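> The following block contains the structure, expressed as structure tokens.
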Amino acid sequence: MIQKAKGTYDVFGEYGKRLLYVEELIEGLMEKYNYEYFRTPIFESSNLFHRGVGETTDIVTKETYDFKDRGNRDLTLRPEGTASIVRSFIENKMYGNHTIPVKAWYYGPMFRYERPQSGRFREFYQFGVEVFGTDDPIADAEVISIPVNLYKLLGLKGIKVNINTLGDSESREMYRQALIKYFEPYINELCEDCKERFIKNPLRILDCKVDAKSEILKNAPKTIDYLNESSKKHFEEVKKYLDSMHIEYEVNTNLVRGLDYYTHTVFEVEASVEGFGSQNVLCGGGRYDNLVETLDGPKTSGVGFAMGLERLMTALDYEKVEMPLINGIDCYIIPMSENEKEYATHLCMELRLNGFITDIDYNNRNLKNNFKNADRLNSRFVIIIGEEEKNSNIITIKNNDTKEEYKVKYEELIDFLDEHIN
């Protein structure tokens, strides 16, 4: 038997309904925020992610699915959404012919070769937003508000926002030099990956999972101590706007995020969910004012976030969050014989086009088994089509809860259902 690949999963049944509900909620929220939907290719040039995500990140060095196509081109299954959205922004010259700022949202599958664990897969779905063309701190605060409000709408409790700042390029370089000076005497006490990071990007040491609890990392210099005045002002204004939105947050000076392109604000949103474990971060993001330029576009400010849907769904399950799902159908149609199937099929289509969730017997069951099937489908009404109904255009319809039976003219059926269902 052929089985699904390791680190992937199938969606169906109750989980599928819950997932669709969350997706529809996301779509509705983005409409309220006036963000534009973007969809980019699942695979892109490998160079896009190497330059965009960062050569020193674990994603690029350990986790990407890289391959050559038949034209010997180096391609990569996208491991995250931001680089692709930036590429689309540049390639389609949105900096020149779009209303600025461009506010984008996306949702789709991403791929990383990592060890599968609870809520983490090699193929996973990611929802994210990107805002291009403004360096105003209000954009940072707005982006942070989106996942917070989504979690509130879903009914998740124990939501906590952690924020920090890396400062602008000048501040970040001063901080980089401070880290080099600090870590140099301890370099042989760190893991092998951190020794490599020390040479390429010492900020990445702070995101190390192996040495995370080390006193060396705990006592490392803090970004906030190396900010110039403009970076301090930006961070203070972000906090001011979060306060005005009544979004609670905590400044976490150890937060740096795992991607090379961040400047200024970085943030994570976590959930205190019982049984969820230590990996309780649901989403993260920040500002990246140099990324568009790094990928050959004009100098353009940017800020965004991304969240994995699988982690969110796991949190909702642990919290036992109820969703207003439709668990049943409006009508189940029973054709009594082959002679009535054509008429029943026509009626089924009419009901569907008029907004009623409708199903029909495909398997020529007897009447007793059809009523059992209507119960399994949790159908509110059962419509029986026999020779008499077909010839007279008088529909026999039965309330499957009260067992009341009605005779309704074909042309009055829609009004009858509207009255009894809506």
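Table: residues versus (1) of a type in the set (Asp, Glu); (2) farther than 30 Å from Glu274 by Cα; (3) at pLDDT below 85.
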{"position": "Glu170", "(1), (2), (3)": "yes, yes, no"}
{"position": "Glu189", "(1), (2), (3)": "yes, yes, yes"}
{"position": "Asp193", "(1), (2), (3)": "yes, yes, yes"}
{"position": "Ile199", "(1), (2), (3)": "no, yes, yes"}
{"position": "Asp211", "(1), (2), (3)": "yes, no, yes"}
{"position": "Asp225", "(1), (2), (3)": "yes, yes, no"}
{"position": "Leu242", "(1), (2), (3)": "no, no, no"}
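> Any residue at all in the stretch 41-49 that is touching a residue at least 12 places away in the same chain (Cβ under 8 Å), farther than 30 Å from Asp193 by Cβ, aromatic (Phe, Trp, Tyr) and surrounded by 13 or more Cβ atoms within 10 Å (Cβ to Cβ)?
Initially, the stretch 41-49 is screened for residues touching a residue at least 12 places away in the same chain (Cβ under 8 Å), giving 41-49.
Restricting the remaining residues to those that are farther than 30 Å from Asp193 by Cβ gives 41.
Narrowing further to those that are aromatic (Phe, Trp, Tyr): none.
No, the stretch 41-49 contains no residue that is touching a residue at least 12 places away in the same chain (Cβ under 8 Å), farther than 30 Å from Asp193 by Cβ, aromatic (Phe, Trp, Tyr) and surrounded by 13 or more Cβ atoms within 10 Å (Cβ to Cβ).
> Could you list, in sequence order, all residues of the stretch 382-412 that are within 41 Å of the chain's Cα centre (by Cα) and farther than 14 Å from Pro335 by Cα? Give the steps one after another, and end with the answer.
Narrowing the stretch 382-412 to residues within 41 Å of the chain's Cα centre (by Cα): 382-383, 399-401.
Passing the criteria: Asn399, Asn400, Asp401.
> Kindly provide the set of residues from the stretch 384-394 that are open to solvent by less than 60 Å² (accessible area, probe 1.4 Å), within 16 Å of Asn339 (Cα to Cα) and not in a loop (DSSP other than H, G, I, E, B), ordered by number. So that I can check it myself, show each step before the final result.
Of all residues in the stretch 384-394, those open to solvent by less than 60 Å² (accessible area, probe 1.4 Å) come to 384-386, 389, 392, 394.
Those still in the list that are within 16 Å of Asn339 (Cα to Cα) too: 384-386, 389, 392.
Across the stretch 384-394, the qualifying residues are Ile384, Ile385, Glu389, Ser392.
> Tell me which residues, restricted to the stretch 350-374, are open to solvent by less than 90 Å² (accessible area, probe 1.4 Å), of a type in the set (D, E, K, R) and within 22 Å of His420 (Cα to Cα). Steps first, please.
If we filter the stretch 350-374 for residues that are open to solvent by less than 90 Å² (accessible area, probe 1.4 Å), which is where we start, we get 350-351, 354-361, 365-367, 369-371, 373-374.
Now restrict to residues that are of a type in the set (D, E, K, R): 350, 359, 361, 365.
Within the stretch 350-374, Glu350, Asp359 meet the criteria.
> Restricting to the stretch 82-109, count the residues that are over 30 Å from Tyr9 (Cα atoms) and either in contact with a helix residue (DSSP H, G or I) (Cβ under 9 Å, 6 or more places away or on another chain) or of a type in the set (Gly, Ala, Ser) (or both).
To start, the set of residues in the stretch 82-109 that are over 30 Å from Tyr9 (Cα atoms) comprises 89-103.
Narrowing the set further to residues that are either in contact with a helix residue (DSSP H, G or I) (Cβ under 9 Å, 6 or more places away or on another chain) or of a type in the set (Gly, Ala, Ser) (or both) leaves 89-90, 94-96, 98, 100-103.
Residues meeting the conditions: 10.
> Next question, about the same structure. Quick check: is even one residue across the stretch 350-369 of a type in the set (A, V, I, L, M, F, W, C), free of Cβ contacts under 8 Å to residues at least 60 places away in the same chain, closer than 30 Å to Tyr151 by Cβ and part of a loop (DSSP other than H, G, I, E, B)?
Within the stretch 350-369, the subset of a type in the set (A, V, I, L, M, F, W, C) is 351, 353, 356-357, 360, 367.
Within this subset, residues satisfying the condition of being free of Cβ contacts under 8 Å to residues at least 60 places away in the same chain are 353, 357, 360, 367.
Now narrow it down to the ones that are closer than 30 Å to Tyr151 by Cβ: 357.
Retained after the next criterion (residues that are part of a loop (DSSP other than H, G, I, E, B)): 357.
Yes, that holds for at least one residue.
> What is the residue count in the stretch 300-349 for residues that are in a helix (DSSP H, G or I), open to solvent by 10 Å² or more (accessible area, probe 1.4 Å) and without any contact (Cβ under 8 Å) to a residue 40 or more places away in the chain?
7
> Scanning for something farther than 23 Å from Leu295 by Cα, free of Cβ contacts under 8 Å to residues at least 12 places away in the same chain and open to solvent by 10 Å² or more (accessible area, probe 1.4 Å), does the stretch 141-160 turn up at least one residue? Even if it seems obvious, please write down each step before you answer.
Taking the stretch 141-160 as the starting set, the residues that turn out to be farther than 23 Å from Leu295 by Cα are 141-142, 144-160.
If we keep only those that are free of Cβ contacts under 8 Å to residues at least 12 places away in the same chain too, we end up with 152.
From what's left, open to solvent by 10 Å² or more (accessible area, probe 1.4 Å): 152.
So far as the stretch 141-160 goes, yes, one or more of its residues are farther than 23 Å from Leu295 by Cα, free of Cβ contacts under 8 Å to residues at least 12 places away in the same chain and open to solvent by 10 Å² or more (accessible area, probe 1.4 Å).
The values are calculated or read from the model by the stated rules, or taken from the named source; none is laboratory data. Computed from a prediction, not measured in an experiment: that's the story for all the values here. Backbone-built Cβ (ideal geometry, glycine too); neighbour counts: all protein chains shown. Heavy atoms of the whole protein, side chains included, go into the accessibility calculation; ligands, DNA and RNA do not. Shrake-Rupley method; radii C 1.70, N 1.55, O 1.52, S 1.80 Å.
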